[in-house]
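Colleague: Provided herewith is a single structure, encoded as structure tokens, for subsequent inquiry.
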Amino acid sequence: MLGPCSRLFEQGKACSTRIAFVATLSFRDARACVIDHVTASRAVPAVEHVGLDCAAGRVLAKDAQADRDYPALARSVRDGFAVRAGDTPGKLHVIGEVRAGEVFAGHVNSGEAVEIMTGAPVPQGADAVVMVEHIARQDRQIACPAVRVGQFINPKGSEARRSEVVMRAGLRLDYSSVALLATIGITRVAVFRKPRIALLATGDEIVEPDEGPADHQIRNSNVHSLAAQVARAGGEASILPVAKDDRESTRAAIELGLTSDLLALSGGVSAGKYDLVEVVLAGLGAEFFFDRVLIQPGQPLVFGRAREKFFFGLPGNPASTMVTFELFARAALELLGGQDRSLLPLTLAPLGADFCHKPGLTRFLPAWLSDDGVLTPVPWQGSSDVPALARSNAFLVADADREQWKAGDTIQVLLK
Ligand code: AMP
Ligand code: MG
């Protein structure tokens with residue numbers, strides 16, 4: 001029995017059009033295999049600088065530190081009155097007000113209160129804030145209920161301490177991270193260069209989307225769905241011309257693809273006579289880590305390394321290409337881009353209808369996740385059904401070791 005990720009391809013087998021079995025892995029083992037291999041051999045990417053408003057989606061290249069305490073002084077989180085908790089409950093005398101952007105010059109002594117607005121610094125002497133809604137006021141007198149020390153105050157440094165690392169290098173920046181960069185005054189952001197991935201479709205039947213296909217031909221949708229997935233994963237795609245199902249064409253295209261940081265092929269990895277991708281890669285001295293994963297769609301999936309670059313041979317049916325990219329190639333791309341980790345957007349949802357499948361494979365089926373969190377499979381004709389895929393907003397994930405689910409049972413969902 002072959003262990004995962006363990007075996008070099010036997011060069012001698014490369015002369016036939018079929019190659020020997022390399023390794024069949026479960027979904028989880030295959031993902032771990034990809035992550036382990038890429039993590040073990042990746043180099044730190046080059047660093048470039050971008051403006052704050054171009055930073056979302058990029059990977060932070062340098063730890064970001066707080067430039068001061070956050071908040072820099074104790075601030076009120078409500079509109080109301082700054083008081084001394086020890087005076088409450090009781091009647092208090094209002095000695096002034098403080099607005100956001102001001103500092104109250106005086107001191108709150110026993111029996112006194114200062115009217116305060118959200119975001120304003122808490123005056124000296126006060127140790128709590130009571131909401132305006134909870135106060136009865138008559139001129140400069142308020143009747144204050146009992147409050148506890150610290151109520152509605154964000155203490156100085158409670159969100160972050162000066163010099164504290166608030167984001168680590170390797171973080172994929174999102175809109176909240178951009179807010180934090182702005183907050184701490186970083187306007188030129190050090191990010192890793194985007195990893196380049198070559199996308200190579202194979203197949204004699206494939207024509208470009210702007211061509212009029214004959215009935216026996218198919219427009220090349222895969223490199224375009226892949227390019228969209230790559231952009232979302234923070235990579236830069238270069239789309240290569242389609243390789244024909246012959247060795248010379250496939251070899252030349254693969255050699256070109258291997259000059260990128262990563263290569264993703266679509267098609268040509270099944271058991272057919274003209275599925276030449278593995279054979280050609282073997283001829284280039286490739287090392288194969290697995291060539292079959294117990295999933296559907298996407299079972300004949302190839303992962304390996306040639307000329308020091310990782311490659312994925314993604315099966316050509318559109319659903320297979322999409323799903324295998326999301327599950328495996330995306331992790332490789334994100335890690336090569338300097339991300340500290342790659343996470344799958346998996347969640348759980350109740351099923352809107354009974355569901356069953358044949359155990360043995362983990363299935364990823366087009367589904368609709370409604371506004372109220374209920375998941376319903378989208379009817380489809382199988383892996384080539386692009387219209388059904390386009391009607392889905394998620395994939396139902398059916399575990400390999402369970403056969404039946406009732407409506408209302410919880411099931412895993414891969415968000416799209
Ligand atoms: P293959 O994995 O090469 O056996 O391809 C399986 C099926 O996927 C083919 O019969 C095509 O219908 C389809 N296919 C292959 N490549 C593409 C592509 N680039 N775009 C859309 N469909 C494709
Ligand atoms: Mg093909």
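Colleague: Sort through A331, A306 and tell me the only one that's touching a Lys or Arg at 6+ places or on another chain (Cβ under 9 Å), open to solvent by less than 40 Å² (accessible area, probe 1.4 Å) and more than 13 Å from ligand 1 (Cβ to nearest atom).
Modeller: A331
Colleague: Turning to a different aspect of this structure: Regarding V122, is this residue touching a Cys at 6+ places or on another chain (Cβ under 6 Å), open to solvent by less than 30 Å² (accessible area, probe 1.4 Å) and in contact (Cβ under 8 Å) with a residue 40 or more places away in the chain?
Modeller: So V122 fails the test.
Colleague: For the range 177-220, which residues satisfy the criterion of being surrounded by fewer than 20 Cβ atoms within 10 Å (Cβ to Cβ), more than 30 Å from the chain's Cα centre (by Cα) and either hydrophobic (A, V, I, L, M, F, W, C) or away from ligand 2 (no atom under 16 Å from the Cβ) (or both)?
Modeller: Scanning the range 177-220 gives V207, D210, E211, G212, A214, D215, I218.
Colleague: Can you tell me which residue is nearest to the chain's Cα centre (by Cα) among those in the range 287-313 that are among the aliphatic types (A, V, I, L, M) and part of a loop (DSSP other than H, G, I, E, B)?
Modeller: Here the answer is L301.
Colleague: On to the next question. Name the residues in the range 398-416 that are on the phi < 0 side of the Ramachandran plot, surrounded by fewer than 17 Cβ atoms within 10 Å (Cβ to Cβ) and of a type outside the set (S, T, N, Q), would you?
Modeller: Passing the criteria: D399, D401, R402, E403, K406, A407, D409, L415, K416.
Colleague: So, in the range 244-288, how many residues would count as being aromatic (F, W, Y) and buried (at least 24 other Cβ atoms within 10 Å of the Cβ)?
Modeller: The number of residues fulfilling the criteria is 1.
Colleague: Pick from V178, V223, V189, V230: which is within 11 Å of ligand 1 (Cβ to nearest atom) and either at pLDDT below 95 or not in a loop (DSSP other than H, G, I, E, B) (or both)?
Modeller: Within the list V178, V223, V189, V230, the selection yields V223.
One line per residue, one yes/no per condition, for (1) more than 12 Å from G304 (Cα to Cα); (2) part of a helix (DSSP H, G or I); (3) within 10 Å of ligand 2 (Cβ to nearest atom):
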| position | (1), (2), (3) |
| --- | --- |
| D245 | yes, no, yes |
| E248 | yes, yes, no |
| A253 | yes, yes, no |
| S260 | yes, no, no |
| L263 | no, no, no |
| K273 | yes, no, no |
| L281 | no, yes, no |
| G285 | no, no, no |
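Yes or no, residue by residue, for (1) within 13 Å of ligand 1 (Cβ to nearest atom); (2) at pLDDT below 95:
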| site | (1), (2) |
| --- | --- |
| D246 | no, no |
| T250 | yes, no |
| E255 | no, no |
| T259 | no, no |
| L263 | no, no |
| G267 | yes, no |
| G272 | yes, yes |
| L281 | no, no |
| L284 | no, no |
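Yes or no, residue by residue, for (1) in contact with a helix residue (DSSP H, G or I) (Cβ under 7 Å, 6 or more places away or on another chain); (2) surrounded by fewer than 13 Cβ atoms within 10 Å (Cβ to Cβ); (3) among the polar types (S, T, N, Q); (4) in a loop (DSSP other than H, G, I, E, B):
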{"site": "I95", "(1), (2), (3), (4)": "no, no, no, no"}
{"site": "S110", "(1), (2), (3), (4)": "yes, yes, yes, yes"}
{"site": "A113", "(1), (2), (3), (4)": "no, no, no, no"}
{"site": "R137", "(1), (2), (3), (4)": "no, no, no, no"}
{"site": "A146", "(1), (2), (3), (4)": "no, yes, no, yes"}
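Colleague: Run L343 past the list (1) open to solvent by 30 Å² or more (accessible area, probe 1.4 Å); (2) in contact (Cβ under 8 Å) with a residue 40 or more places away in the chain and report the number of the one that doesn't hold.
Modeller: The number of the failed condition is (2).
Colleague: Please go through the range 206-220 and give me each residue that is within 9 Å of ligand 1 (Cβ to nearest atom) and either over 15 Å from P387 (Cα atoms) or aromatic (F, W, Y) (or both), ordered by number.
Modeller: Scanning the range 206-220 gives a single hit, I206.
Colleague: Still on this model: Would you mention how many residues in the range 349-379 are touching a residue at least 24 places away in the same chain (Cβ under 8 Å), surrounded by 15 or more Cβ atoms within 10 Å (Cβ to Cβ) and part of a loop (DSSP other than H, G, I, E, B)?
Modeller: Count: 4.
Colleague: Let me ask something else about it. Since F395 meets every condition but one in (1) part of a loop (DSSP other than H, G, I, E, B); (2) open to solvent by less than 20 Å² (accessible area, probe 1.4 Å); (3) not basic (K, R), which condition does it not meet?
Modeller: So the condition that F395 fails would be (1).
Colleague: Can you report the number of residues in the range 229-254 which are in contact (Cβ under 8 Å) with a residue 40 or more places away in the chain and over 20 Å from V38 (Cα atoms)?
Modeller: So the answer is 9.
The values are calculated or read from the model by the stated rules, or taken from the named source; none is laboratory data. What you are looking at is a predicted structure, and each value in this text was computed from that prediction instead of being measured. Cβ coordinates were reconstructed from backbone atoms using ideal geometry, including for glycine residues, and neighbour counts include every protein chain displayed. In case anyone asks, the SASA skips ligands and DNA or RNA and just uses the protein heavy atoms, side chains included. Shrake-Rupley method; radii C 1.70, N 1.55, O 1.52, S 1.80 Å.
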